[in-house]
Amino acid sequence: MAEPRTAAEAFADTDEARLTALVAAIGIDVDHTLLLEAMSHRSWCAENPGNASNERLEFLGDAVLGLVAADNAYRRFPDMTEGELTGVRKGVVNTSALGEIGTELGIGPFIKLGRGEAAAGGAGKTTILADAVEAIIGAIYLDRGVATAFEFVERLLGGRIRSEERRVGK
C-alpha cells in the first residue's frame, strides 16, 4: 500500500496541468516557477515550509500596476491636475477593482491556500484575489519584461480606464 502523501505532494502532481490552465486564463505564458510563487498565499506557505509566498511578487506587481495606471491617466487626461490624476488612478487601481479582475480571470481556484483559509472561502476573497493579480503582474514583469507587463495591465484596466474617462468627463 502506498504511503499517504502530503497536500503539497498531491498539489505538485497537478501543478503542470493547473499552470497550463492558468496561463490560458491570463493569456501570457509566464515562467512556471514564478507563476507558482504568484499563486502561493502565505497561509499555504505557513503549512508548507520552504515555499516562497506571493508577497514579494505582489509588492513588485503593485509598483508596475501603479506605473501603468499613472502613465495612462497622465497621457489620457493632459489637462488634469495632480490631484485629479490621483483620483483617476485610485478609481482604477484598488482592492475592489483588482478583486473583480481576479474573478474575471478566474484565478481563484489556482491560488494555493492553507487549509483554514481555503475552508473560509479564501479563493473568493477580494483581498486574496487582488493580491494574486498583483503577484501575477510581478511575475510577468520579471519573466517577460516591462513592455509585456505594461500591455497585460493595459488589457486588464482598459475598460476601467475608459469608465473613469467618462466619469470625469475630460
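So if I place +1 on the C-beta of Lys and Arg and -1 on the C-beta of Asp and Glu, and nothing else carries charge, what would the dipole magnitude of the chain be about its Cα centre? I want it in debye, nearest 20. Numbers along the way, then the final one.
Details: 18 positive and 26 negative charges, 127 e Å.
The calculation lands at about 600 debye.
May I ask for the angle, rounded to the nearest 10°, between helix 55-76 and the longest principal axis of the chain, with both axes built from Cα atoms and the value confined to 0 to 90°?
20
If Leu22, Leu142, Leu85 are ordered by their accessible area, calculated over protein heavy atoms with a 1.4 Å probe, which sequence runs from highest to lowest? Could you put the intermediate results ahead of the total?
Working: Leu22 0, Leu142 100, Leu85 35 Å².
The residues order as Leu142, Leu85, Leu22, largest area first.
Whenever you get a sec, line up Arg160, Arg144, Arg166 from highest to lowest accessible area (probe 1.4 Å, protein heavy atoms). Provide the component values of the computation, followed by the final result.
On the way: Arg160 45, Arg144 110, Arg166 170 Å².
I get Arg166, Arg144, Arg160, largest accessible area first.
Give me the extension gain from Asp71 to Glu16: residue separation times 0.36 nm, minus the current Cα-Cα distance, reported in nm with one decimal.
Working: separation 55, 0.36 × 55 = 19.80 nm, distance 3.53 nm.
That pair, Asp71 and Glu16, stretches by 16.3 nm at full extension.
Given H placed on each backbone N at 1.01 Å, which residues far from Lys112 in sequence or on other chains put an amide H within less than 5 Å of it?
Here the answer is Ser40, His41, since their amide H atoms fall under 5 Å of that of Lys112.
Out of Gly106, Gly159, Gly83, any idea which swings most in a Gaussian network model of the chain, alpha carbons joined below 10 Å?
Judging by the Gaussian network model, the answer is Gly83.
Just to confirm, what accessible area per residue do you get for the chain at 1.4 Å probe, in whole Å²? Walk me through the numbers on the way to the answer.
On the way: 8940 Å² over 170 residues.
Per residue, the chain has an accessible area of 53 Å².
Could you list the square roots of 5 times each eigenvalue of the Cα gyration tensor of the chain, that is, the equivalent ellipsoid semi-axes, sorted largest first and rounded to whole Å? Could you put the intermediate results ahead of the total?
Values: eigenvalues 225, 47, 32 Å².
Result for the chain: semi-axes of 34, 15, 13 Å.
How large is the Rg to Rh ratio of the stretch 80-170 when both quantities use alpha carbon positions and Rh follows Kirkwood?
Numbers: Rg = 14.9 Å, Rh = 14.3 Å.
Over the Cα atoms of the stretch 80-170, Rg/Rh equals 1.04.
Any chance you could give the angle, 0 to 90 degrees and rounded to 10, that helix 82-92 forms with the longest Cα principal axis of the chain?
The angle comes out near 40 degrees.
Measure nothing fancy, just the Cα-based angle from helix 126-144's long axis to the longest principal axis of the chain, in degrees from 0 to 90, nearest 10.
For helix 126-144, the angle is close to 90 degrees.
Report the full-extension gain for the segment Ala52 to Lys90: residue separation times 0.36 nm, less the Cα-Cα distance, to one decimal in nm.
Details: separation 38, 0.36 × 38 = 13.68 nm, distance 2.92 nm.
Residue separation times 0.36 nm, minus the Cα-Cα distance, leaves 10.8 nm.
At a 1.4 Å probe, what is the % contribution of carbon and sulfur to the accessible area of the chain? Spell out each step's value before the answer.
Details: 4710 of 8940 Å².
After summing per-atom areas, the C and S share lands at 53 percent.
The values are calculated or read from the model by the stated rules, or taken from the named source; none is laboratory data. Note that the structure is predicted; figures quoted are calculated from it, not measured. Neighbour counts are summed over all protein chains in view; Cβ atoms, including those assigned to glycine, are modelled from backbone coordinates with ideal geometry. Ligands, DNA and RNA are excluded from the accessible area calculation, which covers all protein heavy atoms including side chains. Shrake-Rupley method; radii C 1.70, N 1.55, O 1.52, S 1.80 Å.
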